[in-house]
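Heads up: the structure comes next, in structure tokens.
Values in this text are rule-based calculations from the coordinates and carry no lab data. These figures come from a predicted structure and were not determined experimentally. Every residue, glycine as well, gets a Cβ built from its backbone with ideal geometry; the counts of neighbours run over all protein chains shown.
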Amino acid sequence: MKMSENITDLFLSIVIPLYNEEASLNELHSQIVKVMNNMDKDFEIIFIDDGSTDNSFRTLEKLYTINSNIKVYQFRKNLGKSAALDFGFQKARGQYIVTMDADLQDDPKEIPALINKLEEGYHMVSGWKKVRYDPFIKKHTSKIYNFTTSKVAGIRLHDFNCGLKIYKREVVKNIRIYGQMHRYIPVLAHWKGYKVTEIPVKHHARKYGVTKFGPSRFIAGMLDLITVSFLNRYNKRPLHLFGTIGISSFLIGMGICLYLAIYWIFIKSSLSNRPILFLGILLIIVGVQFISLGLLGEMITESKKVHTEYLIDNSLE
């Protein structure tokens, strides 16, 4: 195993978030070391124990004593995968950064293929679990999630949430994730102008422990997709969103009221028993409220304005 003394010369960082995975850690470590020894590259393995309640940290302590390439961090409580990855990205020193899950479903043997694809000119390569060994519900809700995310994000990937990914260093240093945003790292990278692609990777059935997936995660993921989409498209121009909704509502309401006014003038019929009148008034009120909300958003954006960081790909000076 090689460990570079020079931070800038470190080739690869492998960031592994985990929660209650004590049974798989020794085997995972052995597989990674075998792959990296064959590659003969400088590397580090960063384990982030996300508040495990089993003996995961004790197992990592033992691995730390026998392998100087390992770094271990333990959260005081469970903060979620996004927080663990974000912290790992801050600590990573490699030119390339690989992320993978600790449950042995991701195969470390795929790392060389990910590196080769990245070096074709991409900034990020995501794994695609083409053949999946997941529970029925998880497998099929993932299809819905991936299809919806592709349509909203404007980038076609088959598997946004695959734990096995590789990044160039600049990508992870320019993306901050929180909540459940780890699912949308390819989207965030794409929207920042980075070149993102995917390759099929081998996926294994879970050998130890139980899946952390649940219905609440699917719902949270969809809500985070709305958040990501809103922040990317309207963070600096909230009036464009709320104003569009407000003006549409206002004009429809005004159209209804104008129609009823003409009807009342020429037909001489009472409008008090016409529910559509109240709908028109409601749409006008809602429209004004949305426009007002957009203006307030613009005022907040202006008052919180900070220096914009522009990511330059090439420069000639």
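Farthest toward the dipole's positive end in the chain, which of Ile166, Leu295, Ile70, given Cβ charges of +1 (Lys, Arg) and -1 (Asp, Glu) about the Cα centre?
Of Ile166, Leu295, Ile70, it is Leu295.
Counting each DSSP H run of 4 or more residues in the chain as -39500 (n - 2.57), what helix-only mean residue ellipticity at 222 nm follows after dividing by all residues, to the nearest 500 deg cm²/dmol?
-16500 deg cm²/dmol
In nanometres, what is the gap between the two model label sites at Ala23 and Gln90, each 7 Å from Cα along Cα-to-Cβ?
3.3 nm
Students often get this wrong, so try it: which of (i) 51; (ii) 55; (iii) 44 is percent of Cα pairs over 28 Å apart as calculated from the structure shown?
Recomputing percent of Cα pairs over 28 Å apart here picks out (i).
What full-extension length gain, to one decimal in nm, is calculated for Ile144 and Tyr178 as 0.36 nm per residue of separation minus the Cα-Cα distance?
10.0 nm
Just how many % of Cα pairs in region 238-303 lie over 18 Å apart, if you round to the nearest whole percent?
46 percent
Once both labels are modelled 7 Å past Cα along the beta-carbon direction, what's the Tyr263-Asn232 spacing in nm?
According to this spin-label approximation, the distance is 4.4 nm.
Given points 7 Å out from each Cα along the Cα-Cβ axis, report the Thr65 to Gln31 separation in nanometres with one decimal.
Each label point is offset 7 Å from its Cα along the Cβ direction, giving 2.6 nm.
Where the only charges are on Cβ atoms (+1 Lys, Arg; -1 Asp, Glu), what is the dipole of region 35-113 about its Cα centre, to the nearest 20 debye?
340 debye
Among the complete DSSP H segments of the chain, which ones combine at least 20 Å of alpha-carbon extent along their axis with a mean Kyte-Doolittle hydropathy of -0.5 or more?
22-39, 136-153, 215-234, 238-267, 275-303
Can you tell me how much longer the chain between Glu170 and Lys77 gets when fully stretched, taken as 0.36 nm per residue apart minus their C-alpha distance, in nm with one decimal?
Here the answer is 30.6 nm.
Report the full-extension gain for the segment Val286 to Lys109: residue separation times 0.36 nm, less the Cα-Cα distance, to one decimal in nm.
Extending this stretch completely gives an extra 58.1 nm.
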